[in-house]
Every structure is written in C-alpha cells, then in structure tokens.
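As structure tokens, the structure follows; a few thoughts come after it.
The values are calculated or read from the model by the stated rules, or taken from the named source; none is laboratory data. In this text the structure is predicted, and so the values were computed from the model without any measurement. No Cβ is skipped: glycine too gets one built from the backbone with ideal geometry, and neighbour counts run over all protein chains shown. Ligands, DNA and RNA are excluded from the accessible area calculation, which covers all protein heavy atoms including side chains. Shrake-Rupley method; radii C 1.70, N 1.55, O 1.52, S 1.80 Å.
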Amino acid sequence: MEQLETYIEQAKELVLVYGTQFLMALAVLLIGLWVITRFTRFLQASMFNKLPDQTLGSFLASGINIVLKVLLVISVASMVGIETTSFVAILGAAGLAVGLALQGSLSNFAGGVMVLIFRPFKVGDYLEAQSLQGFVKDIGIFVTTLETFDKRIVVIPNGPLANGNLINHTASDIRAVESSIGVAYSDDIYKAKAALEAVIQQDDRVLQSEDNVVAVVNLGDSSIDFMVRAFVKTDDYWSFYFDILPRLKTAVEKVGCSIPFPQRDVHLYQDR
C-alpha cells in the first residue's frame, strides 16, 4: 500500500512538472502561430504587395511563414524536453541535399528575384540576351518568355539572364537608325550628301533636335560609302528602318548619282 502511494505521488509530481511544461509549450505554439500569421499578413500588405510582381510577393511571404513556423516547432520541442540538436542537424543535412539537387532552379529563382526587383526590362520591351531576341511576353520567378517577330516563343532561364549581358532596345524613348549607301567614284559626292540630308530633314519622324549624321565613312573598292544616322522615337523605329533605304536610293538617283555594284573586267588575249 505504501509503495502504491509512493507511485501515485511520483506520478503526480511528473504530471505537475511535465504537464506544466506541456501546457506552456502548447500556449507558446498557439500564440506563436497566431503571431506568425499576423506578421506575414502585415509583410504581405505593407511591403510585398508593393513589389512589381505579385507572384514574387506571395512567394516571399509563404517562404518567411514556413521558416518561422519551423523555428517555432523546434523551440516548442526543446521546451518539452525533446533533444533538438540532432533534429537541427538532420534539417541542415536535408536542406543541403535539396539545395545541391536544385542548385540550377535556385539560381534561376535568385535571378528572377533580381530581375523583378531591379526591373532592367518590362513586359513589351524588345530584348536581346543569350544570343536570342524578342519582345518580353512574361517575366516569371524562374524563366522569362520572349516572343519573336515570327511569333515563336522563346523561354530563357532567369539565372543566365540576370548574370549575363543583355540589350534592351526599347528602354530609351529614342533610337538611332543607321543605314549605309554607296555612290560611284565619278559622281559628285556633295550633291549626294545634300540629297541624303534632305531625306532625313523632310521626314517628320526624324528628331531634328538630335545629332543626325550624313557622312562619308569608307572609300570602298567600287563605291564611296555614306553612313546615314537618324534619331527617331522608339515607337517609329521599325517603320522608319524599313522606309529609309528605298528613299535614300531614290534621292541619290534623282540628283544624277548612281549606286555601283562590284564588277570585274576580263580581257582576253589571243596569240597570233
């Protein structure tokens, strides 16, 4: 009987000690979950929703929520006497293994974050990167999608895109259209230059306030080569690009100049 009473007293002490720890751990768990939920909602509303891409904001909020909950569970486990050192080591090893397995995807994710934060380009821009060109159709977390002129879809991973060289052809409001045209050595180059200058001066799309240039740039094998550089608004670039060469050709021909082409004179001699 006395031994039974001793066991009962020990059981009461265990329940009192560990029951109190369990209740405290449960209270910390519930309060912690509530605080984490409120905190991530606050971050989502005050900071992440202001990011250029809502997908990135949601992803960051979810990631922070998961990390905080894992830390909370580890803290609660240590409160009830569970050894957490080995548990943390297992989590670290698992995280390392996952990181090594997904290093390519993580690199693309990091590149996507950099692209979405610093915005070197936006949807609709004409981009040249990774030896590819096209209009930006979509900017995702892991990849960026381009659409070419012939309506092909090109998908570029964000890792190489963020770390490599890229050219944004539409980032500026104005662009220069450069064309070249040659006239014969026997032609009057001053007449040709005046005719070419008149073409860009009379076109309403050309910005006359910019440093437009018509100049001789090369004395070729068959022709004197002119370079014509005209600045236009970015929206007018392609229409002007396709219009300018026929107009330059017509202009030099009207003033009596000719556009030569490579030719070779062959002389045949017959022995007598």
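Mind checking which residues of region 163-174 are more than 30 Å from Ala215 (Cβ to Cβ) and open to solvent by 40 Å² or more (accessible area, probe 1.4 Å)? Reasoning before the result, please.
Quick first cut of region 163-174, residues more than 30 Å from Ala215 (Cβ to Cβ) only: 163-164, 166.
Those that are more than 30 Å from Ala215 (Cβ to Cβ) and open to solvent by 40 Å² or more (accessible area, probe 1.4 Å): Asn163, Leu166.
Pick out the one residue from Asp204, Asp138, Asp188 that is of a type outside the set (A, V, I, L, M), touching a residue at least 40 places away in the same chain (Cβ under 8 Å) and either farther than 30 Å from Gly63 by Cα or open to solvent by 30 Å² or more (accessible area, probe 1.4 Å) (or both). Show your work before the answer.
Details: Asp204 fails: touching a residue at least 40 places away in the same chain (Cβ under 8 Å); Asp138 fails: touching a residue at least 40 places away in the same chain (Cβ under 8 Å).
Just a single option satisfies the conditions, and that option is Asp188.
Just give me the residues in region 207-224 being within 35 Å of the chain's Cα centre (by Cα) and surrounded by 12 or more Cβ atoms within 10 Å (Cβ to Cβ), in sequence order.
If the condition is that a residue be within 35 Å of the chain's Cα centre (by Cα) and surrounded by 12 or more Cβ atoms within 10 Å (Cβ to Cβ), then Leu207, Glu210, Asn212, Val213 are the ones that fit.
Considering region 225-243 alone, what residues qualify as being of a type in the set (Phe, Trp, Tyr) and open to solvent by less than 90 Å² (accessible area, probe 1.4 Å)?
If we filter region 225-243 for residues that are of a type in the set (Phe, Trp, Tyr), which is where we start, we get 226, 231, 237-238, 240-242.
Selection gives Phe226, Phe231, Tyr237, Trp238, Phe240.
Tell me whether region 164-174 contains one or more residues that are aliphatic (A, V, I, L, M), within 28 Å of Ile141 (Cβ to Cβ) and touching a Leu at 6+ places or on another chain (Cβ under 9 Å).
yes
How many residues does region 141-169 contain that are in contact (Cβ under 8 Å) with a residue 12 or more places away in the chain, in a strand (DSSP E or B) and among the hydroxyl-bearing types (Ser, Thr, Tyr)?
1
Could you check, for region 184-203, whether at least one of its residues is part of a helix (DSSP H, G or I) and under 19 Å from the mean Cα position of the chain (by Cα)?
no
Among the candidates Asp271, Asp221, Asp235, Asp243, which residue alone is under 22 Å from Ser186 (Cβ atoms) and either in a loop (DSSP other than H, G, I, E, B) or at pLDDT below 95 (or both)?
Asp221
Taking only region 244-269 into account, find how many residues are surrounded by 15 or more Cβ atoms within 10 Å (Cβ to Cβ) and within 12 Å of Ile200 (Cα to Cα).
Of the residues in region 244-269, 4 are surrounded by 15 or more Cβ atoms within 10 Å (Cβ to Cβ) and within 12 Å of Ile200 (Cα to Cα).
Only one of (1) open to solvent by 60 Å² or more (accessible area, probe 1.4 Å); (2) at pLDDT 90 or above; (3) assigned to a strand (DSSP E or B) fails for Val177. Which number is that?
Just one mismatch for Val177, condition (1).
Among the residues of region 51-68, is any over 29 Å from Pro157 (Cβ atoms) and modelled with pLDDT of 75 or more?
Taking region 51-68 first, the residues over 29 Å from Pro157 (Cβ atoms) are 68.
Among the residues that remain, those that are also modelled with pLDDT of 75 or more are: 68.
Yes; the residues of region 51-68 include at least one that is over 29 Å from Pro157 (Cβ atoms) and modelled with pLDDT of 75 or more.
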